[in-house]
Amino acid sequence: MQVRREHAHLRYLGRILAMAPTRLPRRVYEMLRAEGSRRSWTSTAERLAREWGLGAVWDTQRLPDSMAEDDMTSWRNTLRRIAKRRALAAHRDALMANPSSIARNYNAWHHVSTSDQQMRMAGYVRAASAEDRSVSTMFALRSGTSELRVDADRPFENDPANRVCLLCNLHETENAHHVLMRCPAHAQGRQLLINSLPVALRNLHDPRTFPALMGSDGLAAMCDGDEVQLRAAIGAINGFWAYAMHRRAQGPLVVEDEFDPHYETV
């Protein structure tokens, strides 16, 4: 709502600046601007123009010729593009300020790409086939609603001490990073997963690897845009998580199960 109000304010500013000096709205505008009140419509217009990166328009008190000559269509389009960027930035700021880790996870996993103004679904959803049942598991992991202990009783603010992994002795929270990158109970599955991935994704110490394996847009980039490698990586990752959830349900075991990268739960 805030961005929409600001957009309307600046849109009308453009209309006024395109008016002839003899028009009544333009005369009133010039009178208010000359008064210099900090609480006037014009002072708000100046603040918004500078915040939106349109300080040059305010300083010259005129629209660029290209904007004035096409019935202000360019001005409206410019404002629309800036409004989209500001709305998306405000949305992300609100998510990161939210005390809910579900909201923070949503932002961290880039369900909305930083360069995507259309707010499309994440790549791991777009690339999935209709029969791919692992998408729901990946979405739950990314959104903080999975079966892992980190997500247990989240609405009731479960004590973090109660979220420790029960399959190993590392005394770490059982979250996606722990299961995928560190938990000894999943070592065999992890190794077979790594062997199935493109070389660029096999270095677990690379800070780009974990987000990519969690289905961020970086997965395609690390596969060099190769569709065959991308689909192979997605299949291996989905297989790992299907196995991991199955393995987790069995509890601590002395002997690791054999990992099947194509395993899927029913």
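Nothing in this text is a laboratory measurement; each read-out follows from the coordinates by a stated rule. Quantities reported herein were computed from a predicted structural model and do not represent experimental measurements. So basically every Cβ, Gly included, is an ideal-geometry build from the backbone, and we count neighbours across all protein chains shown.
First select every other residue whose beta carbon is under 12 angstrom from the beta carbon of GLY53; then total the charges, Lys and Arg +1, Asp and Glu -1. Working shown, then result.
Details: positive: ARG50, ARG81, ARG85, ARG86; negative: GLU51.
Net of charged neighbours comes to +3.
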Rounded, prolate or oblate, given the Cα gyration tensor of segment 2-94, with a/c below 1.5 counting as rounded?
oblate
For segment 218-235, in order, what is each residue's ³J(HN,Hα) by Karplus, 6.51 cos²θ - 1.76 cosθ + 1.60 with θ = phi - 60°, in whole Hz (x at glycine and Pro)?
x, 4, 5, 5, 6, 8, 6, x, 6, 5, 5, 5, 4, 5, 5, 5, 4, x
Give the peptides 44-53, 171-180, 26-35 in descending order of average Cβ contacts within 10 Å, highest first.
171-180, 44-53, 26-35
Taking K and R as +1 and D and E as -1, what net charge do the other residues with C-beta under 11 Å from the C-beta of ARG38 add up to?
0
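When the chain is fully extended, how far beyond the present Cα-Cα distance does SER40 get from VAL164, taking 0.36 nm per residue of separation? Please list the in-between numbers first.
Details: separation 124, 0.36 × 124 = 44.64 nm, distance 5.65 nm.
Length gained between SER40 and VAL164: 39.0 nm.
For MET19 and SER74 in one chain, what is 0.36 nm times their gap in residues minus the Cα-Cα distance, to one decimal in nm? Display every interim value, and only then the final one.
Numbers: separation 55, 0.36 × 55 = 19.80 nm, distance 1.61 nm.
Extra length available between MET19 and SER74 comes to 18.2 nm.
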Sort 17-24, 58-65, 3-10 by the packing proxy (mean of other Cβ within 10 Å over each peptide's residues), most packed first.
3-10, 58-65, 17-24
How many nm is it between the label spots at ALA90 and GLU227, if each spot is 7 Å from the Cα in line with the beta carbon?
4.0 nm
